[in-house]
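Here is the structure we will look at, set down as structure tokens.
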Amino acid sequence: MADGLRKGLTSYGDAGFSLFLRKAFIKAAGYSDDALDRPIVGITNTYSDYNPCHGNVPALIEAAKRGVMLAGAMPMVFPTISIAESFSHPTSMYLRNLMAMDTEEMIRAQPMDAVIVIGGCDKTLPAQIMAAVSADLPTVVIPVGPMVVGHHKGEVLGACTDCRRLWAKYRAGEIDDAEIEAVNGRLAPSVGTCMVMGTASTMACVTEALGLSLPMSATIPAPHAERVRSAEASGKCAAEMAKRKGPRPSELLTPAAFRNAQVVLQAIGGSTNGLIHLTAIAGRTSYRIDLDAFDALGRQVPVLVDLKPSGAHYMEHFHHAGGVPKLMKQLGDLIDLDAKTITGVTLREVVAGAEEVPGQDAIRPRDNPIRPEGAMAVLSGNLAPRGAVIKHSAASERLLQHTGRAVVFESVEDMTLRIDDPALDVSADDVLVLRNAGPKGAPGMPEAGYLPIPMKLARAGVKDMVRISDARMSGTAFGTIVLHITPESAVGGPLALVRTGDQIRLDVAKRRIDLLVDDAELERRRTAIVESGRPDWAERGYARLFHDRIMQADDGCDFDFMRGNGKTSI
Ligand code: FES
């Protein structure tokens, strides 16, 4: 197969002319024949004024280019969509598959022998890895890195666990307007991704565990010089991969690699979104993440990383404690050390190089875990025939077995309008239910699963309630919250049948979530539901594609036509 500039020639019906024309135009940018004869490493540019998490991308691109050239290849930078969590309407998840398609097509369309994808804000790494897996070109992932921590009145602050905690205090009247404004300027003190174990940090750790990025690259803080040196080293690595034509994602993403990623996801107290993204990434291969197997793994794998929201520290502390290599070392035989990485070495060598940091307490040993079980549990029951997820590491112990009266909100809008209504009939023992907030219903499965505690209860000191939905939740959030109820209500899932006043039973130990209404009554309610056609928002363009082809959470919310062939459960 052709390589370098000769790859994927534009179709003019004359290959010689296509190459002649390509060279003529690229020479307009001042490239020499020597440069144009080298293997090419494409580098994605996801810098955007709308994406402050990616604020260091220009510096990382420069460093990666330097690394590529030091190793004798030629870097070519190209733009793709960038998705910033708080600047994406309706949700960043709605755009993830678009970014994956954009990135994949640009990798396929342009000549390159390897690609470096630089991303970090929640949906970007998943989108880029989904693209890389489908294109199956040698790929190096460079996460942009986490922000450094902020400080307020002697307290360490981090986005966005503390955003939520302090906003809840503000709602409860415990802090005033002036203080919440001061906090607003201190929660995100640098460029980079949220520095708690949110989705961005989770996916950076999962990527490292999959062997798709250099050791330590998940945790180096975004503003640190070490981050830039890691990008240079990533550039060198990508150049070597371009020359060797491997390893490709299909060679690295084995069942062992996916199992390691799931172990790390549980052990870091990772974001529930991480499970959806890992499922989507696996879905692009010939493997399928089995939710029951993931849950069973969670019973064996302890949470060892002491980071918010499950623990106390922040990403920079995890980094200084030894990062993912040290974590994998502590996990011992739970990690398959024969799994290979982009550098060609196995995790055995990566783990052997893990730093010993005397006195560190961010990465616990297995005999002194944060929790003896993993962060997440998969629930099923008559409310969630295809599963639901709870991050029990960040839930209230006393609510993990709870039966309560349902208080139902029909949609995110309905919830927003009524949740703080003083007349809302709700008590602390009730179960808040949100529906029509799934992949298709909302659309884009918003992070609305963290329903706020109704104002009147918050002001009375209630800090947590059982909340259930077909929505997602930010990895930075906490509480006794059941998410990703599948199938979602908008496609006829049983969540659509719940009525205010019904009893709902959550039993995390038994992995159950049930609606305590008899089958005959549920059937009556089901037949009374009138099916609606395609909604107005989905009439044209990407919205129509999304509406018509989006899959459920247990399939990673990918489009059905993007899946890989064959499915072996792992
Ligand atoms: Fe970008 Fe949190 S908002 S990572």
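Over 29 Å apart at the Cα level, from the set Lys23/Lys243; Lys27/Lys245; Lys245/Lys567; Lys23/Lys65; Lys245/Lys308, are Lys245/Lys308. Note on segment 538-570 and segment 18-87: Cα centroid distance 30 Å, given to the nearest whole angstrom. Model label points for Gln401 and Lys456, set 7 angstrom from Cα along the Cα-to-Cβ axis, are 3.2 nm apart. Taking label positions 7 Å along the Cα-Cβ direction at both Tyr31 and Asp464, the computed distance is 5.5 nm, reported to one decimal.
3J(HN,Hα) along segment 47-52: 5, 7, 4, 7, 10, x Hz, from the Karplus curve 6.51 cos²θ - 1.76 cosθ + 1.60 with θ = phi - 60°, whole Hz, x for Gly and Pro. List the Cys residues of the chain that have no partner Cys with a C-beta closer than 4.7 Å. Lone cysteines by the Cβ rule: Cys194, Cys205, Cys237, Cys557.
Round to the nearest 10 and give me the degree value, 0 to 90, for the angle of helix 272-283's Cα axis relative to the longest principal axis of the chain. Roughly 50 degrees, rounded to the nearest 10. The percentage of C-alpha pairs in segment 1-149 whose separation is greater than 18 Å is 59%. Applying both filters, DSSP loop and at most 11 other Cβ atoms within 10 Å, to the GluC sites (Glu not before Pro) of segment 506-570 gives Glu531, Glu539.
Exposed loop sites are taken as trypsin sites (Lys or Arg not before Pro) in a DSSP loop (any state but H, G, I, E or B) with at most 10 other beta carbon atoms within 10 Å; the longest stretch of the chain without one runs 154-539. Pair-distance distribution P(r) for the chain, from all Cα-Cα distances in 10 Å bins starting at 0: 4, 18, 28, 26, 15, 7, 2, 0 percent.
Maximal additional length on extending the Arg6-Asn184 stretch stands at 59.0 nm, based on 0.36 nm per residue less the C-alpha distance. Shown is the FRET efficiency for Ser250 and Glu349, computed with R0 = 35 Å from the Cβ-Cβ distance and rounded to the nearest 0.05: 0.95. Based only on Cα atoms, what Rg/Rh ratio does segment 320-395 have, Rh being taken as Kirkwood's radius? Result: Rg/Rh = 1.11. Quick check on the chain: of the DSSP beta bridges with both residues there, what percent are antiparallel, nearest 5%? If we restrict to bridges inside the chain, about 45 percent are antiparallel. Simple rule: put +1 on each Lys or Arg Cβ and -1 on each Asp or Glu Cβ in the chain, find the dipole, and look at Gly374, Val148, Met99; the Cα lying farthest toward the positive end is Met99. Pick out, from Ala178, Cys237, Leu214, the residue whose Cα sits farthest towards the positive end of the charge dipole of segment 178-244, with +1 on the Cβ of Lys and Arg and -1 on the Cβ of Asp and Glu. The residue sitting most towards the positive pole is Cys237.
Taking the alpha-carbon centroid of each part, what is the distance from segment 153-198 to segment 411-465 in angstrom? Cα centres, segment 153-198 to segment 411-465: 21 Å. In this simple spin-label model, placing a label point 7 Å from the Cα along the Cα-to-Cβ direction at both Asp14 and Thr568 gives a separation of 4.9 nm.
Helical content alone sets the calculated 222 nm signal of the chain at -10500 deg cm²/dmol, taking -39,500 (n - 2.57) per DSSP H segment of four or more residues and averaging over every residue.
When the GluC sites (Glu not before Pro) in segment 313-364 are filtered for DSSP coil states and for at most 15 other beta-carbon atoms within 10 Å of their beta-carbon, the remaining sites are Glu355, Glu356. For segment 152-237, a crude dipole built from +1 on the beta carbon of Lys and Arg and -1 on the beta carbon of Asp and Glu, taken about the Cα centre, is about 260 debye to the nearest 20. For segment 96-170, the Stokes-Einstein estimate of translational diffusion at 20 °C and a viscosity of 1.002 mPa s comes to 148 µm²/s, using the Kirkwood hydrodynamic radius over alpha-carbon pairs. Shape annotation for segment 388-463: C-alpha extents along the principal axes are 34, 32, 19 Å, from largest to smallest.
Computed with a 1.4 Å probe on the full set of protein chains, the accessible area for Phe25 sits at about 140 Å². Across the protein chains, with a 1.4 Å probe defining accessible surface, the residues Tyr31, Tyr450, Tyr50 rank Tyr50, Tyr31, Tyr450 from largest area downward.
Using Cβ point charges alone (K and R +1, D and E -1), the dipole size of the chain about the Cα centre works out to roughly 860 debye.
The values are calculated or read from the model by the stated rules, or taken from the named source; none is laboratory data. Because the structure is a prediction, the values reported are computed rather than measured. Cβ: placed from backbone, ideal geometry, glycine included. Neighbour counts: every protein chain shown. Please note that ligands, DNA and RNA were not included when accessible areas were found on the heavy atoms of the full protein model with its side chains. Shrake-Rupley method; radii C 1.70, N 1.55, O 1.52, S 1.80 Å.
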